[in-house]
Each structure stands twice: as structure tokens, then as C-alpha cells.
1. Restricting the search to the stretch 139-181, which residues are farther than 26 Å from residue 85 by Cβ, among the acidic types (Asp, Glu) and in contact with a strand residue (DSSP E or B) (Cβ under 8 Å, 6 or more places away or on another chain)?
2. Please find, within the stretch 93-105, the residue that is farthest from residue 214 (Cα to Cα) out of those that are part of a strand (DSSP E or B) and hydrophobic (A, V, I, L, M, F, W, C).
3. Is there any pair linking a residue in the stretch 111-124 that is at positive phi to one that is part of a strand (DSSP E or B) and not polar (S, T, N, Q), with Cβ under 8 Å and at least six apart or on different chains, and which?
4. Can you tell me which condition residue 23 does not meet? The list is (1) open to solvent by less than 30 Å² (accessible area, probe 1.4 Å); (2) touching a Pro at 6+ places or on another chain (Cβ under 9 Å), and all the others hold.
5. Quick check on my filter: what residues within the stretch 13-27 are over 20 Å from residue 123 (Cβ atoms) and more than 18 Å from the chain's Cα centre (by Cα)?
6. Pick from the stretch 126-140 the residues that are in a loop (DSSP other than H, G, I, E, B) and hydrophobic (A, V, I, L, M, F, W, C): which of them is most open to solvent (accessible area, probe 1.4 Å)?
7. Would it be correct to say that residue 8 is modelled with pLDDT of 95 or more, in a loop (DSSP other than H, G, I, E, B), among the small types (Gly, Ala, Ser) and closer than 22 Å to residue 119 by Cβ?
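The values are calculated or read from the model by the stated rules, or taken from the named source; none is laboratory data. Note that the coordinates shown come from a computational prediction; the quantities given were computed from them, not determined experimentally. All Cβ positions, glycine included, derive from the backbone under ideal geometry; neighbour counts span all protein chains shown. Quick note on the areas: whole protein, heavy atoms, side chains included, nothing else; ligands and nucleic acids left out. Shrake-Rupley method; radii C 1.70, N 1.55, O 1.52, S 1.80 Å.
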Amino acid sequence: MHSIEPLSLPKSVPTGIEVWQIRFNLQAPISREDLLLLSEQERAQALRFHRHADQLRSIVTRAILRRILGEKVMCSPGKLRFSVHPHGKPYLLGDTSLEFNVSHAGRFALIALSVQGQIGVDIEDCNRQVDFESLSQYVFTSTEQQLRLSTNEDFIRRWVAKEAVMKALGVGITEHLRDVSVIPDCADEYNVECENQEWLGVKAWSLAAPVDYAAALAAWHP
């Protein structure tokens, strides 16, 4: 079946932040227990996917998210209620400081939790082919483009860091991609430079990811 484990995070990640990795068995049947744990809207959204693997990823990730959040806030997982910010980032309703973010790709998903402000996480399959030479001019700032990309994997590793930052900020990705520069700094950290002064203080890290995957985490305390 599916497995879940906590990730070991870079030492500079603040306390109060944790990330869980889910490994899917994409051939497994969909669990009735997982399906019934979801809200009617969550079930409908998952079952709109045509492929079994896509349905399974959605259902399993959401069910595990509910179980983790329910344990953290001491509430029955099925009774948790969610809403979304203007740009679509979900959040937990109720009097809680707990923030979360989710990403999945291929056989893996990540769930990031934080009591230290906003959080963003992203994981991508490095074998996914993209036209990185053409996309770079639309995705990266002039500062980022000075660090040239030589492979498809280079692009994806830079992209996950940028998307994690956008998700932590809770802004529209397409509208603001070129308002933030995310530059590799030391082994597992990024230097984040923002045009918008209100976004100062956002931080990002590379995460240990399965072979052929890239992952990143970002945190921001407004």
C-alpha cells in the first residue's frame, strides 16, 4: 500500500515546520475508508479525474492531510473544514495557527505544516520534459537568467524552489513569477530577492527528494 514518513529538513529551517512524504502505490485500489473521510466537494473533485492514478493521488493525499491535521488540532479528520485564499491556496478554518501546503507528482506527495507563518512546498518529476530554453525567459528574472541552465533537470530544480516561494506567499504564480528571484546559495538554501517590499523575509530550501525528483520548501512570516 502507500507509505508516509517525515522528512529530515535542513538545519536552518525554523522549528515548528515539518514535511511528510507520501509514496503511492498507483496500482492499489481506492480505499473506501479514505474516500468517505473526504468532504463531498473533495470526493467530486478527485473523481473528476479520468485516470485511476490521478484519482488515487488526490484521494490519498487529502485523506492523509486530514488525518495529520486532525491529530495536530485534536479534531476528528472528517469534521475539518477548509476554505481557500483568493489565489486558490487552501487553509484550515477555525482558531488555529497551523498552516499547510501540499504538492504531488508521479509516485510521491509532500505535505508541509507550519506554526511559524505561511508555508509552501513543491515536488516535480525531473524526467518530465519541458522546453526549458524557451520557458526560461518567461519564468525567470534577469538575475536568475544569469545562472544559465544546461539541462531539463536544472530547470525543474530551479522551478520547484520558485513555485514553493510563490505558494508560501499565496500569490498567483503566473502574475508574479518575475517579481521574485530565487537563487541557489549554499548546499540546501536559496537566496530570495523580492520586488515587493511586503514579501521580504521569505526563505527557501532544497529538500531531499527521491531519485529523479526535485523538491523545495519555502516559509514566510508576514
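1. 153
2. Filtering first and then ranking leaves 100.
3. Within 8 Å, the pairs are 117/99; 117/219; 117/220.
4. Going through (1) open to solvent by less than 30 Å² (accessible area, probe 1.4 Å); (2) touching a Pro at 6+ places or on another chain (Cβ under 9 Å) one by one, residue 23 breaks only (1).
5. 15, 27, listed by residue number.
6. 130
7. yes
Okay, residues lined up against (1) part of a helix (DSSP H, G or I); (2) in contact (Cβ under 8 Å) with a residue 12 or more places away in the chain; (3) surrounded by 14 or more Cβ atoms within 10 Å (Cβ to Cβ); (4) small (Gly, Ala, Ser):
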residue	(1), (2), (3), (4)
42	yes, yes, yes, no
45	yes, yes, yes, no
49	no, no, yes, no
54	yes, no, yes, no
58	yes, yes, yes, yes
63	yes, yes, yes, yes
66	yes, yes, yes, no
87	no, yes, yes, no
91	no, no, yes, no
